[in-house]
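Below are the structure tokens for one structure; questions will follow.
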Amino acid sequence: LFAAVELAPRDPILGLTEQFNADTRSNKVNLGVGVYYNDEGRIPLLKAVRKAEQARIDAAAARGYLPIEGLPGYNRAVQELLLGADSPLIAAGRVLTAQSLGGTGALKIGADFLKRLVPQAKVAISDPSWENHRALFEYAGFEVVNYPYYDAATHGVNFAGMIAALEGYPAGTVVVLHACCHNPTGVDLTADQWTKVVEVVKARRLIPFLDIAYQGFGDGIDADATAVRQFADAGLTFLISSSFSKSFSLYGERVGALSLVAADKDESGRVLSQLKRVIRTNYSNPPTHGGTVVAQVLTSPELRSEWEAELGEMRERIRAMRAALVAKLKERGVARDFGFVMQQRGMFSYSGLTAAQVDRLREEHGIYAVSTGRICVAALNSRNIDAVADGIAAVLK
Ligand code: PMP
């Protein structure tokens, strides 16, 4: 039966981590990862999370099944985080949310739902994008195309190219948009650019699918939701995948959500009924732990403010590392201006290093980055940043 099965290509980023683990150099640094490490180089367990977990253990709650769409309190809290607590759309019953297995699970149930609704549609993702976007939508049966996004020459967005591509798509094309902290580049649209995107998406009747996996890692919880709220204010119907993997440091608990904004309450009920079929036939209902913990933190005023403070610390530490990297490269006499790293947002930076320079960084300095030049700024810390600056300065000579 399985004799003809071919070996699938290795995941490039996980492959890099395997190589890193096998490296025996004591001063090695892994900047290829996609997680936030604290200054001690560890994945933090947030205090607010620990308290909510303790309360849950103390309550010794039974582990019955959740509803297909997940915990109602969690789903409501997700909507408020995305659209604002006073959102008229939530009040009107136009928003429906399903708790999902991380942001990936949200994209997948959204993709499966869309495949039944608009089977002929193409899906457009940014060039470049999170590497799983293409695979995920292709596996769901869609043809995936790229719209121009990153401009290597300016370390910014090729906005004219992006808009021209959006204007050229037929109505009903699904457009996946990184709402903030673009992965892999770190380069985001400005609020004014979002206004233009919303205008084009509306005029061309495209289907917006917003992916927000780093809310709070850019400029703050509300500031990072600017794109989501602009789409909401424009009266559009759209999809949002969101994730607490990073903002709650709950990677392995798989806590995310798919939210859809429908035209009215009746439509919202019908859409939810179909989404539940997608979920029911995939994994039936989501797990209890992560959703319960996140809901507890978001709805308890004390835990919530503690979480917001901890999220702010993560955000500020990343910013400080960006600034330190830029300053330290300058100190080492690097001629290239790395100031663009300060303009980028979130965990990642397209550093501008070539694949050959990335190879030298790894081989000669034990510093691991993705071959595209993507580095995880959230993996820098006060102990490894000098070695990283030394390595980058050396490969740029
Ligand atoms: N979307 C983007 C843009 C991401 O970068 C990621 C994770 N790295 C995800 C979705 C998926 O997040 P999760 O780990 O919660 O599945």
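Only one of PHE248, PHE244 is aromatic (Phe, Trp, Tyr), in the same structural domain as ARG116 (by TED's automatic domain parsing), under 19 Å from GLY110 (Cα atoms) and within 16 Å of the ligand (Cβ to nearest atom); which?
Criteria check complete, one pass: PHE244.
While we're looking at this one, here's another question. Taking the condition in the same structural domain as THR237 (by TED's automatic domain parsing), over 20 Å from the mean Cα position of the chain (by Cα) and in contact (Cβ under 8 Å) with a residue 24 or more places away in the chain, does VAL174 pass?
Working: in the same structural domain as THR237 (by TED's automatic domain parsing): yes; over 20 Å from the mean Cα position of the chain (by Cα): no; in contact (Cβ under 8 Å) with a residue 24 or more places away in the chain: yes.
In short, no.
Moving to a separate point now. Got a number for residues in region 14-34 being among the hydrophobic types (A, V, I, L, M, F, W, C) and touching a helix residue (DSSP H, G or I) at 6+ places or on another chain (Cβ under 7 Å)?
Here the count works out to 3.
Related question: May I ask you to say which residue of PRO88, PRO72 is surrounded by fewer than 23 Cβ atoms within 10 Å (Cβ to Cβ), more than 16 Å from the ligand (Cβ to nearest atom) and closer than 14 Å to LYS276 by Cβ?
When all the criteria are applied, what remains is PRO72.
Given the conditions (1) outside any helix (DSSP H, G or I); (2) over 25 Å from the mean Cα position of the chain (by Cα); (3) at pLDDT 95 or above, which single one is not true for SER26?
Of (1) outside any helix (DSSP H, G or I); (2) over 25 Å from the mean Cα position of the chain (by Cα); (3) at pLDDT 95 or above, only one is false for SER26: (3).
Given the residues VAL33, VAL29, VAL5, which is the only one that is outside the structural domain of LYS246 (by TED's automatic domain parsing), more than 16 Å from the ligand (Cβ to nearest atom), aliphatic (A, V, I, L, M) and within 27 Å of MET321 (Cα to Cα)?
VAL29
Every residue in region 358-383 that is more than 21 Å from the chain's Cα centre (by Cα) and surrounded by fewer than 19 Cβ atoms within 10 Å (Cβ to Cβ), please.
ASP359, ARG360, GLU363, GLU364, GLY366, ASN381, SER382, ARG383
Can you confirm whether region 216-223 contains a residue that is within 16 Å of the ligand (Cβ to nearest atom), in contact (Cβ under 8 Å) with a residue 40 or more places away in the chain and closer than 28 Å to VAL118 by Cα?
Looking for residues that are within 16 Å of the ligand (Cβ to nearest atom), in contact (Cβ under 8 Å) with a residue 40 or more places away in the chain and closer than 28 Å to VAL118 by Cα, one finds none in region 216-223, hence no.
Scan region 81-95 residue by residue and report those that are in contact (Cβ under 8 Å) with a residue 60 or more places away in the chain and not β-branched (Val, Ile, Thr).
Scanning region 81-95 gives LEU81, LEU82, LEU83, GLY84, SER87, LEU89, ALA92, GLY93, ARG94.
Considering GLY220, GLY235, GLY269, which residue is part of a helix (DSSP H, G or I), surrounded by fewer than 17 Cβ atoms within 10 Å (Cβ to Cβ) and among the small types (Gly, Ala, Ser)? Step through it out loud before you land on a result.
Working: GLY220 fails: part of a helix (DSSP H, G or I); GLY235 fails: part of a helix (DSSP H, G or I).
Exactly one residue qualifies, and that residue is GLY269.
Hydrophobic (A, V, I, L, M, F, W, C), in contact (Cβ under 8 Å) with a residue 12 or more places away in the chain and touching a helix residue (DSSP H, G or I) at 6+ places or on another chain (Cβ under 7 Å): which single residue out of LEU71, LEU45, LEU101 fits that description?
LEU71
Across region 98-132, which residue is surrounded by the most Cβ atoms within 10 Å (Cβ to Cβ) among those that are in a loop (DSSP other than H, G, I, E, B) and more than 12 Å from the ligand (Cβ to nearest atom)?
Per the stated criteria, the residue is ALA121.
Within the group ALA309, ALA257, ALA295, which residue is within 15 Å of the ligand (Cβ to nearest atom) and either at pLDDT below 95 or not in a loop (DSSP other than H, G, I, E, B) (or both)?
Details: ALA309 fails: within 15 Å of the ligand (Cβ to nearest atom); ALA295 fails: within 15 Å of the ligand (Cβ to nearest atom).
One residue alone meets the criteria, ALA257.
The values are calculated or read from the model by the stated rules, or taken from the named source; none is laboratory data. These figures come from a predicted structure and were not determined experimentally. Glycine gets a Cβ as well: all are built from the backbone with ideal geometry, and neighbour counts include every protein chain shown.
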